[in-house]
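Inspection log for the structure reproduced underneath, given as structure tokens.
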Amino acid sequence: MGPRRHCYKQNLTQIAQESSSIGRATVSKTVSWGFESLLSCHAYFMKNPFTSIRLFYKEMMTELKKASWPTKRELRDSTIVVLIATAILGSYIALIDFSLMNGVELLTTWVR
């Protein structure tokens, strides 16, 4: 029986006996600071961080291969549409800002 299988078979009283905080007062320096006890059973489940990074990279490359990428012509046309829409929206905001600024100036000169 391997160590992991043994870990599943451990009963709760054995795990509780291994814990340093069972039956004792808590240590004030570690209470509520996110420290977790590392029982002998938990040591087998610690992950290698490089494994998860490698898995993320592999899955990312797989998903990028599935993506539908635009052609150069589609990319150029979309860029032109975005630039024209940005220029139109910028002009509209500038016109509204200029109109409101002059309207407020006119109202303040009437009030004085």
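For region 88-106, check the following and say yes or no: at least one residue is assigned to a loop (DSSP other than H, G, I, E, B), at pLDDT below 95 and out of contact with any Gly (no Cβ under 7 Å at 6 or more places or on another chain).
The answer is no, given that none of the residues of region 88-106 is assigned to a loop (DSSP other than H, G, I, E, B), at pLDDT below 95 and out of contact with any Gly (no Cβ under 7 Å at 6 or more places or on another chain).
Looking at region 69-84, which of its residues are part of a helix (DSSP H, G or I) and not β-branched (Val, Ile, Thr)?
Result: 72, 73, 74, 75, 76, 77, 78, 83.
Suppose the filter is surrounded by 10 or more Cβ atoms within 10 Å (Cβ to Cβ) and at pLDDT 60 or above; does residue 71 pass it?
no
The values are calculated or read from the model by the stated rules, or taken from the named source; none is laboratory data. No experiment lies behind these values; they were computed from the predicted model shown. Using ideal geometry, Cβ is built from the backbone for each residue, glycine included, and neighbour counts are taken over all protein chains shown.
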